[in-house]
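Working notes, structure below.
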Amino acid sequence: MINKQNLWFLTLFSLILVLSVYYITMPSELLLTNNSSYNTEDDTNTNVVEIEESDILTAMRISLDEERLELQNTLQETLTSNASSSEDKNKAYEELKHLDEVKGKEETLENKIKSTFQLENFVKIDGDEIQVVAVSPDHNNELANNIMRSVQEEFKEKVYVTVKFEK
């Protein structure tokens with residue numbers, strides 16, 4: 001039996017799925033902001049796509065969110081399944097709780113790095129490994145060390161922090 005909460009979740013999820021498929025299959029001409037400057041007759045022009053720093057970070061965030069959404073859906077199915085044992089449901093619940101804690105910690109670290117070092121960044125926590133991708137024109141070892149120390153301050157136990165700079 002589907003309850004109201006599951007029905008709303010399925011409805012909103014299917015709406016998001018339909019809109020994303022529509023967006024992906026939409027012709028690129030519709031995505032241009034200034035259609036008057038778009039010339040379809042001149043095929044000799046080579047189109048150069050430049051990726052901005054925020055696009056790289058956005059792509060990383062979307063990729064991570066998609067991975068976590070799949071895991072979350074699997075765990076939700078385990079929780080709502082009648083065939084699952086109570087032990088499996090408890091494990092799924094604990095993992096969901098852990099996922100939420102990790103998301104919160106990542107946001108906290110991103111905000112701390114942004115406010116302290118004025119850098120756009122992306123943080124991914126995977127167990128005791130933390131990846132930081134920062135957008136900076138200079139790849140400074142001292143800055144990387146300061147970011148690592150700043151991240152380590154947030155944890156009681158020792159964590160492995162990697163810092164990668166993107167231009």
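Each value in this text was obtained by applying a stated rule to the coordinates, not by laboratory testing. This structure is a prediction, so every number in the text was calculated from the model and none was measured. FYI the Cβ positions are ideal-geometry reconstructions off the backbone, even for glycines, and counts take in every protein chain you see.
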Under 21 Å Cα-Cα from Lys167, which lysines qualify once same-chain neighbours fewer than 8 residues away are excluded?
-> Lys112, Lys114, Lys124
Along the stretch 66-83, Karplus-curve 3J(HN,Hα) (6.51, -1.76, 1.60; θ = phi - 60°) to the nearest Hz, with x for Gly and Pro, reads 5, 4, 5, 5, 4, 4, 4, 5, 4, 5, 4, 4, 5, 5, 8, 6, 6, 7
If you plug each phi of the stretch 4-19 into the Karplus form 6.51 cos²θ - 1.76 cosθ + 1.60 with θ = phi - 60°, what whole-Hz ³J(HN,Hα) values come out, in order, with x for Gly and Pro?
-> 4, 5, 5, 5, 5, 4, 5, 5, 5, 5, 5, 5, 5, 4, 5, 5
Which percent, nearest 5, of DSSP beta bridges in the stretch 52-166 are antiparallel?
-> 45
On a C-alpha basis, how far is the centre of the stretch 65-79 from the centre of the stretch 110-153 in Å? Whole number, if you could?
-> 27
Using R₀ = 25 Å, calculate the FRET efficiency as 1/(1 + (r/R₀)^6) where r is the Cβ-Cβ separation of Asn140 and Tyr160; round to 0.05.
-> 0.75
Between the modelled labels at Ile16 and Lys114 (7 Å from Cα along Cα→Cβ) the distance in nm is 2.0
Residue by residue through the stretch 109-117, which ³J(HN,Hα) values in whole Hz follow from phi under the Karplus form 6.51 cos²θ - 1.76 cosθ + 1.60 (θ = phi - 60°), with glycine and proline marked x?
-> 5, 4, 5, 5, 5, 5, 6, 7, 10
Can you give the extra length, in nm with one decimal, that the chain gains between Thr80 and Lys4 once fully stretched, where that is 0.36 nm per residue apart less the Cα-Cα distance?
-> 26.0 nm
Kindly rank 16-26, 152-162 from highest to lowest mean number of other beta carbons found within 10 Å of each residue.
-> 152-162, 16-26
